[in-house]
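See below for the structure under consideration.
The values are calculated or read from the model by the stated rules, or taken from the named source; none is laboratory data. This is a predicted model, so every value here is computed, not measured. No Cβ is skipped: glycine too gets one built from the backbone with ideal geometry, and neighbour counts run over all protein chains shown.
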Amino acid sequence: MTPAARIAAAIVILDHVLEGASVEGSLIAWARRSRFAGSGDRAAVRDLVFDAMR
């Protein structure tokens, strides 16, 4: 994934969180839907989401 794609994924996850979903649940759901994302991509997206939540 490109850095822009990682940011876009984090934005989608944060949108779900703002609608009332849990952060962890949203991350897990995204990871299961995004089989193309490698472990480094999943970690980067997770870090972006948690950084934004702080």
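Taking the stretch 1-22 on its own, how many of its residues are surrounded by 11 or more Cβ atoms within 10 Å (Cβ to Cβ), of a type in the set (A, V, I, L, M, F, W, C) and more than 9 Å from the chain's Cα centre (by Cα)? If you could, list the steps in order and put the result at the bottom.
Of the stretch 1-22, the ones surrounded by 11 or more Cβ atoms within 10 Å (Cβ to Cβ) are 1, 5-17, 21-22.
Narrowing the set further to residues that are of a type in the set (A, V, I, L, M, F, W, C) leaves 1, 5, 7-14, 17, 21.
Right, trim to more than 9 Å from the chain's Cα centre (by Cα) and you get 1, 5, 17, 21.
Matching residues across the stretch 1-22 total 4.
Which residues, counting only those in the chain, are of a type in the set (Phe, Trp, Tyr) and touching a helix residue (DSSP H, G or I) at 6+ places or on another chain (Cβ under 7 Å)? Give the derivation first.
From the chain, those of a type in the set (Phe, Trp, Tyr) are 30, 36, 50; that's our starting set.
Once the filter is applied, which keeps residues that are of a type in the set (Phe, Trp, Tyr) and touching a helix residue (DSSP H, G or I) at 6+ places or on another chain (Cβ under 7 Å), the chain yields only TRP30.
Would you tally the residues in the stretch 27-54 being assigned to a helix (DSSP H, G or I) and either in contact (Cβ under 8 Å) with a residue 24 or more places away in the chain or under 15 Å from ILE7 (Cα atoms) (or both)? Walk me through it before giving the result.
Step one: filter the stretch 27-54 for residues assigned to a helix (DSSP H, G or I), giving 27-33, 39-53.
From what is left, the residues that are either in contact (Cβ under 8 Å) with a residue 24 or more places away in the chain or under 15 Å from ILE7 (Cα atoms) (or both) are 27, 30-31, 40-53.
Going through the stretch 27-54 one residue at a time, the tally reaches 17.
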(Q) What's the number of the only condition in (1) at pLDDT below 95; (2) surrounded by 12 or more Cβ atoms within 10 Å (Cβ to Cβ); (3) not aliphatic (A, V, I, L, M) that PHE50 fails to meet? (A) (1)
